[in-house]
1. Just the residues that are more than 17 Å from Q544 (Cα to Cα), assigned to a loop (DSSP other than H, G, I, E, B) and in contact with a strand residue (DSSP E or B) (Cβ under 8 Å, 6 or more places away or on another chain), please, taken from the stretch 227-265.
2. Pick out the one residue from D72, D21, D44, D83 that is out of contact with any strand residue (DSSP E or B) (no Cβ under 8 Å at 6 or more places or on another chain), free of Cβ contacts under 8 Å to residues at least 12 places away in the same chain, of a type outside the set (K, R) and open to solvent by 60 Å² or more (accessible area, probe 1.4 Å).
3. Output the residues belonging to the stretch 634-655 that are without any contact (Cβ under 8 Å) to a residue 40 or more places away in the chain and surrounded by 17 or more Cβ atoms within 10 Å (Cβ to Cβ).
4. Give me the pairs: first residue in the stretch 521-539 and within 15 Å of A210 (Cα to Cα), second residue open to solvent by 30 Å² or more (accessible area, probe 1.4 Å) and part of a loop (DSSP other than H, G, I, E, B), beta-carbon distance under 8 Å, and six or more apart or on different chains, which are they?
5. Evaluate the following for V51: is it crowded, with 21+ Cβ neighbours inside 10 Å, of a type outside the set (D, E, K, R) and over 26 Å from the mean Cα position of the chain (by Cα)?
6. Considering only the stretch 529-537, I want to know if a residue exists there that is crowded, with 18+ Cβ neighbours inside 10 Å and under 33 Å from the mean Cα position of the chain (by Cα).
7. Would you kindly identify the helices (runs of 4 or more DSSP H) lying entirely within the stretch 311-421 that contain at least 2 residues that are within 26 Å of R198 (Cβ to Cβ) and either of a type outside the set (K, R) or modelled with pLDDT under 95 (or both)?
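The values are calculated or read from the model by the stated rules, or taken from the named source; none is laboratory data. Note that this is a predicted model, so its numbers are computed, not measured. Note that each Cβ is placed from the backbone with ideal geometry, even for glycine, and that neighbours are counted across all protein chains shown. Ligands, DNA and RNA are stripped out before the accessible areas are found, and what is left, the full protein with its side chains, is counted by its heavy atoms. Shrake-Rupley method; radii C 1.70, N 1.55, O 1.52, S 1.80 Å.
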Amino acid sequence: MPLPDEGRRRVVIEAVTPAIDAGLYAVKRTPGEAVTVEADVFTDGHDKIAVRLLHRPAGRDAWQEVPMRLVDNDRWRGSFIVDQVGRWEYTVEAWVDHFATWQHQLPRRMQAGDDITSELLEAAAMVRRAASRAPDEPSRVWLRDCAAALESAGPTAERAALALSDELTARMAALPDRALATRAPRVFPVIVDRERARWGAWYEMFPRSAGPDPERSATFQEAAERLPAIAAMGFDVLYLPPIHPIGRTNRKGKGNALVSEPGDPGSPWAIGSHEGGHDAVEPGLGTIEDFRWFREQAERHGLEVALDIAWQCSPDHPYVKAHPEWFRHRPDGTIKYAENPPKKYQDIYPFDFETEAWRALWEELRDVVWFWVEQGVRIFRVDNPHTKPMAFWQWLIADLKARDPGLIFLAEAFTRPKVMRYLAKIGFTQSYTYFTWRNTKAEIEEYLVELTTSEMKEYFRPNFFANTPDILHKFLQEGGLPAFRIRLLLAATLAANYGIYSGFEIGENRPAAEGSEEYLHSEKYQFRQWDWDRKESIRDLIAQVNRLRRAHPALQTNEGLRFHLTTNDHLIAYSKAADGDPSRLLMVVSVDPRMPREGHVCVSLPDDPVGEDERYLVRDLLTDRTYAWLGAWNYVRLDPDLPAHIFRLERVRAA
C-alpha cells in the first residue's frame, strides 16, 4: 500500500452535519438564516486542536471562517449567516494547536515545581514562527519582541505570565500554523433562495371562472377584478392553473365526462391546440400581452403570480405533428394517451422521456419555462413531477436557477415519501405534503415532528395546501365552515408556507359522489361562478390570520415549533418563537368542528419551564383579549365558531 501524500496530518474530521446524503445534495436557506454545522473532530493523544468552519458563496476563491466550539464528546459546532441568494458552500478544517497545548500544560508544570526554562524557549520559538506569518510589520515586531522576552533571563514568573497572557493568546490564535491542517473530505452545498421561498400564503384560482358570464371564459381583464378581494385577504402568491390553449380532441366534458358538449371548455391540463402550445395563452383568456398586464396588476396588489408547469399535451398540440418522436406509440403507430389504471386521460398525451431524442425534448421544455420567466414569472407550481425522470428535474432546475437564482419551484408531489423527499433534494424549492390527510391531534403532531426535527428540515420546505382542485377531504365535506376554520388555522400557523384553492373561503364542500375527494361541478372541467358575497364566509378570519403572519416572524418560519401537552385529545397546542424575540406564540386549536371542547394546556417546556407560582399574561391575537395565567397548566375552551387561540406569551408578572 503506498504512503499517503502527507502522513503528518493528525486530526480526524467525520460526521459533518448537515450533510444531505453525505453532502451530495444541498441544504436550503434564505438570506439572513444561519447554517449551523456540527462535526466530530479529534486527534491522537491529548493535544489541543483548533477547528474552523469555512464558508463562501460558490465560485469565490477566498473562504470566510468562524471558530467552532467544543460541544461535548469531540463534537464541535459553528454557524454562519448566508446573506445573499445563490449557491453557497461550507466545509470544516482543523489542526493540532501546539501553542494552545503548550499553554494548557505550562500551569501544571509550574504547580509541580518543574523547571520551565526549556518550555519557555519552546514557546519563544513558536512565537517567532508566528511572527513570520504576521500580515504587517507592527504585528511582526510585537511578536518578535515577545519571543525575545520569553528567551531572556528575566524572572521566570514574569515570562510565564507573558506566555499565558490574553493578548499573546489572541495573537497566536489569529496566526495559526495550518501547514498540517486536515480538511473535511468534501465541500457541502447550500442553496439560498429568496425570502418568498421560506414563507408565503398562496391562493389558487382559475382565471377563466372569474368573469360575469358563466357560459364563457373570463378574460384576464375580467379576472383582474378579483385581485383586490384576494389581496384584501392577505395572500402573497396567486397561483394559476395552466393558461394555455386547450385541445379539442377527446376534450373532457363537465364532471370529467368522456364526451364534451358544445361550449364545454375542457381541462386546462389538456394543453395545446392549433392556437399554440405551452408558450401560448388560451384565446378565451386573451393574449400574452394580456397576461403580462394581468401579472402587473397582481403585483400592484402585492400578489406574485405563479404559473403551472404540466409536461403533457393534448392530441392537438403542435408538438404532436412537429415532434412525434417525443411521444410513446402503440404497435399500430398511434400515440398512447395517459393512463393510471383504472384512470384514463384520453385528452392527454404524456411525453416519452425514454425517446432517443431526449436531449432535444429536455432543452425544449427548459426553454418553455424560460419563456415564462421572460414574461415576468418567477414562481412555478409543477404538476406531478414524480411522473417524470428525476435526472430531468435536477438538470432543468439547476440550469434555470443558474440564470435566475430567485426562481421558485413547488412540487405537486402527492406520492410516496421517499420520492417526495428526493424531489426536494434534487432542487425543488417547496413541496406539497400529506397535511390534507392529517386531521387528528396524533397525526398532526407525528407528521410535524418529522418535518421539523428530522434531517428533512434542512432541505424539505412543506407547503400546507388545505385543499386543491383535486382534493376535498372528508373532514371539510362533513364539518361545515368550522372545519374550514380549523384547517385554515392549522395550515397557516403550523407551516410557514400554506395555500388554499378558491371556494375555500366560502366553504365549498360538495363532493362529486359519496367517498370521493373530487368536487361536484369541478372547475377543472367547466366554468364556475362563485357567490363571493355569500354571508357564510371565513374571508375576515383569513385576512386576520394573514395579517398576523406578516406581523409575527415566528409564523414565517418552520423553526422553533414545539408541541405542548393538553388534557383533551381534541385540543392540539404548539408554540413558535423567532430568533431575537423573547416571547413565544402559543397556538391552541380544536380539531373538532362539531362541538365545543375544553381542557388544560401546559405552557411549560423542558428547556423553558414555568414555575408553579409564576404569574404572567397571555394575549389572544385573534380576539385581543388578555388573560392572567398562573403556573404551567391553564384552562381553555374553544367553540367551532372560533376554534383557536393564538396567544402571545408575556412572561412578566401580572399586576
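1. P241, P242, I243, H244, P245, G247, R248, V259, S260, E261, D264, P265
2. That would be D72, the only listed residue that is out of contact with any strand residue (DSSP E or B) (no Cβ under 8 Å at 6 or more places or on another chain), free of Cβ contacts under 8 Å to residues at least 12 places away in the same chain, of a type outside the set (K, R) and open to solvent by 60 Å² or more (accessible area, probe 1.4 Å).
3. N634
4. The qualifying pairs are S522/A512; K524/D470; F527/P214; F527/E215; F527/R216; R528/P214; R528/H521; Q529/P214.
5. So V51 passes the test.
6. No - not one qualifying residue is present in the stretch 529-537.
7. Filter on the stretch 311-421 gives 358-374, 390-403.
This table checks each residue for (1) crowded, with 17+ Cβ neighbours inside 10 Å; (2) aliphatic (A, V, I, L, M); (3) more than 30 Å from I426 (Cβ to Cβ).
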{"residue": "W88", "(1), (2), (3)": "yes, no, no"}
{"residue": "F99", "(1), (2), (3)": "yes, no, yes"}
{"residue": "H104", "(1), (2), (3)": "no, no, yes"}
{"residue": "M110", "(1), (2), (3)": "no, yes, yes"}
{"residue": "D115", "(1), (2), (3)": "no, no, yes"}
{"residue": "A123", "(1), (2), (3)": "yes, yes, yes"}
{"residue": "V127", "(1), (2), (3)": "yes, yes, yes"}
